[in-house]
1. Consider ASP43 against the criteria (1) over 16 Å from ARG95 (Cα atoms); (2) modelled with pLDDT of 90 or more: it satisfies all of them except one. Which criterion is unmet?
2. I'd like the full set of residues that are at pLDDT below 85 and either within 23 Å of TRP76 (Cβ to Cβ) or of a type in the set (A, V, I, L, M, F, W, C) (or both), limited to the range 4-40.
3. List pairs: first in the range 43-71 and charged (D, E, K, R), second modelled with pLDDT under 60, Cβ under 7 Å, 6+ apart or cross-chain?
Amino acid sequence: MQTGKLNQFIEVQRKQVVIKNDGSGDRETVWTTIFAIYGHITDASIRDFIAARKDQKVIATRIVLRQDDIEPNTDWSLCRLLCDGLYYRIIAPLRDNKTGREYVTLACELGAYVWQDS
């Protein structure tokens with residue numbers, strides 16, 4: 001992949017428990033950005049979208065990131081991605097076909113769902 005195609009600014013976020021600022025001492029779970037990266041987002045084709053489910057409420061996407069730009073030991077199962085005000089749920093990371101060390105492709109979903117706080 002050419003460097004120029006990694007042209008979308010993406011924030012990688014993870015849930016963290018913080019103490020509220022209202023003086024109550026209560027804790028709340030918030031999504032915080034752990035690092036930012038440039039990548040390339042590709043939505044699934046219409047054929048794939050229709051074949052997957054007729055009443056589908058999510059859009060399958062592929063997000064390509066350069067391996068060298070990713071923070072070491074990132075646990076993708078605990079993260080989500082934010083790009084242009086849209087949130088992407090990460091389904092699974094996939095290594096590139098050539099060396100396995102140059103790019104990471106994240107299989108993601110974009111759609112209407114509630115984040116599970118567990």
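1. (2)
2. Once the filter is applied, which keeps residues that are at pLDDT below 85 and either within 23 Å of TRP76 (Cβ to Cβ) or of a type in the set (A, V, I, L, M, F, W, C) (or both), the range 4-40 yields only LYS5.
3. LYS57/ALA112
The values are calculated or read from the model by the stated rules, or taken from the named source; none is laboratory data. Note that the coordinates shown come from a computational prediction; the quantities given were computed from them, not determined experimentally. In this analysis, Cβ positions are derived from the backbone assuming ideal geometry, glycine residues included, and neighbour counts consider all displayed protein chains.
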